[in-house]
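These notes are about the structure you will find just below.
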Amino acid sequence: MRHWLFMAVAILTEVAGTLAMKYGAHHDTRTAGLAVMYVMLVLSYTTLALAVKRIPLAVAYGAWESLGLVLITLCSAWLFAESLNLTKVVAIAVIITGIVLLEHGTEEAPRRPGEGGHHAA
């Protein structure tokens, strides 16, 4: 369960970094926006690396990019008045469906020796 928390932090920090980049580009806070972006993206990749210790890479990367894209699209419409038309809403639904299907179709890999659990003597 802890790895899914890392995954959530990775997604949210990616979104925060991208939004900071956009905000900084349109205001007099370009340097501050870029600084926040870099910090958030370092945190994002760090927590993504922790998440993929237990979450299959295809699922983790797919969720990170896709849910990040969905959240950035929604936040951009809200914060920056970017368009959110029917085509984008349908695309978001397709993305979320794809993530659910990818997770549903992924089997958990067996644990390797030394990854916790009980070991044969």
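Some values worked out for this structure:
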{"quantity": "Matching option when the condition is under 19 Å from the mean Cα position of the chain (by Cα), outside any helix (DSSP H, G or I) and of a type outside the set (A, V, I, L, M, F, W, C), among Lys53, Lys88", "calculated": "Lys53"}
{"quantity": "Flag for Leu43 being hydrophobic (A, V, I, L, M, F, W, C) and assigned to a loop (DSSP other than H, G, I, E, B)", "calculated": "no"}
{"quantity": "Residue ID - surrounded by the most Cβ atoms within 10 Å (Cβ to Cβ), chosen from residues in segment 31-72 that are among the β-branched types (Val, Ile, Thr) and modelled with pLDDT of 95 or more", "calculated": "Thr47"}
{"quantity": "Within segment 73-85, tally of residues that are surrounded by 11 or more Cβ atoms within 10 Å (Cβ to Cβ) and either assigned to a helix (DSSP H, G or I) or in contact with a Leu (Cβ under 9 Å, 6 or more places away or on another chain) (or both)", "calculated": "8"}
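The values are calculated or read from the model by the stated rules, or taken from the named source; none is laboratory data. Computed from a prediction, not measured in an experiment: that's the story for all the values here. Every residue, glycine as well, gets a Cβ built from its backbone with ideal geometry; the counts of neighbours run over all protein chains shown.
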